[in-house]
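Coordinate-derived values only; no laboratory data. Here the structure is a predicted model, which means the values were calculated and not measured. Every residue, glycine as well, gets a Cβ built from its backbone with ideal geometry; the counts of neighbours run over all protein chains shown.
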Amino acid sequence: MRLIVTKISVGLWAAAYIKNTITQFSPSLEHPFVLGLPTGSTVLDMYAILRTFAKERLLNFQQVITFNMDEYVGLPIDHPQSYHSYMRRNLFDHVNLLPEHIFMPDGQASDLVQECTRYENAIMQTGGVDLFVGGIGRNGHIAFNEPGTPFDSRTHVADLTPSTREANARFFQNDLSRVPRQALTVGIGTILGSKELLFIAAGVKKAAAVTHLVTQPPTPSWPLTALKLHPRATLLADLDACVLLSGNAKTQLDEAMQADPHAEQWILNLEDPA
Ligand code: GLP
């Protein structure tokens, strides 16, 4: 996999990458582009720029199908912190996605296990996700796949760890008791089944997860290390998220920065463990 360290905003980088990837794919109604989407604060800028691209008619969502990664269990979809609300606010209400092309897991389904099967089947029926974009949790979770989740997991009901609930309490008036205890999430196997992956880490709070990805072989203890098993995976990180890099990766980054100090980004190949 590759690690791209960027000096420009990760949101701008990711939005431009999504736009270019969809444009090059040249989607049609018979052959739509299938885009996997995340939530979280890291990707707010990315959505703002995607909205601008759509407004300026630089990006057309009409032949795009979206699948979100996850949703809290039990939150009404119109709750301001549900991922349904987040997505409407940040993207769906502003672009020309067709309503029948928008897929999100239903965290209020009466049969959650059946809902997970329905969601997984819906992804398969489209032929699979072309590009799955994701953020990462401080403990290395991807979507809501917490540490210990098997790499072959599919869409499932996940128990959120205390650290994830604490990290997300800021969205619930800092009141831990309001943070849902469970979520529906695509599995790590679902994510790895996508044709391409772009995960994003910004800020020092993600530095420990990034250094584990870089220095460790794939291990369920750090779910993001599964990205190393995918042939077309990128971790996009800002400089703050790289402050704890060590070993070969640190040497590679220092050398790349010295060789081209004015570059907007530096690309590291993580095939060799540090
Ligand atoms: C939640 C989401 C994850 C996301 C993470 C990071 O836990 N389920 O998919 O990656 O938040 O959030 P933030 O970008 O706010 O740090």
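Data for the structure
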quantity: Distance in nm between pseudo-label sites at HIS31 and LYS7 (7 Å out along the Cβ direction from Cα); calculated: 3.9
quantity: Per-residue ³J(HN,Hα) for the range 124-132, Karplus 6.51 cos²θ - 1.76 cosθ + 1.60, θ = phi - 60°, Hz, x for Gly and Pro; calculated: 4, 5, 7, x, x, 7, 7, 9, 9
quantity: Rounded to whole Å, sorted largest first: equivalent-ellipsoid semi-axes of the range 119-185, Cα gyration tensor; calculated: 25, 12, 12
quantity: MRE, 222 nm, helices only [DSSP H, n ≥ 4, -39500 (n - 2.57), over the chain, to nearest 500]; calculated: -9000 deg cm²/dmol
quantity: ³J(HN,Hα) computed for each position of the range 5-10 - Karplus, 6.51 cos²θ - 1.76 cosθ + 1.60, integer Hz, glycine/proline x; calculated: 9, 10, 8, 7, 4, 4
quantity: Where N is the number of residues in the range 32-90, Cα Rg divided by 2.2 N^0.38 Å; calculated: 1.20
quantity: Radius ratio Rg over Rh of the chain, counting only Cα atoms, Kirkwood formula for Rh; calculated: 0.95
quantity: Exposure proxy ranking, count of Cβ atoms within 10 Å, fewest first, for LYS195, LYS19, LYS206; calculated: LYS195, LYS19, LYS206
quantity: Charge tally in the Cβ shell below 15 Å around THR164, where Lys, Arg are +1 and Asp, Glu are -1, THR164 excluded; calculated: +2
quantity: Cβ-derived FRET efficiency at R0 22 Å, ARG89 paired with GLN125, nearest 0.05; calculated: 0.20
quantity: Residues ILE142, ILE102, ILE267 arranged by fewest to most Cβ contacts within 10 Å; calculated: ILE267, ILE102, ILE142
quantity: Principal axis dimensions, the range 1-74 - Cα atoms, whole angstrom, descending; calculated: 38, 35, 30
quantity: Tensor-based shape of the range 8-132 (alpha-carbon gyration tensor, a/c under 1.5 rounded, otherwise prolate or oblate); calculated: oblate
quantity: Karplus (6.51, -1.76, 1.60) ³J(HN,Hα), θ = phi - 60°, over the range 260-268, in Hz, Gly and Pro reported as x; calculated: 9, x, 9, 5, 7, 8, 10, 10, 10
quantity: Amide H contacts under 5 Å for LEU37, placed H, 5+ residues apart; calculated: PHE67, ASN68, MET69, VAL133
quantity: Against the rule of thumb 2.2 N^0.38 Å, how large the Cα Rg of the range 169-258 comes out; calculated: 1.28
quantity: Semi-axis lengths (Å, descending) of the ellipsoid that matches the C-alpha gyration tensor of the range 217-274; calculated: 22, 12, 11
quantity: Length gained when the stretch GLN265-SER110 is fully extended (0.36 nm per residue, less Cα-Cα span); calculated: 51.1 nm
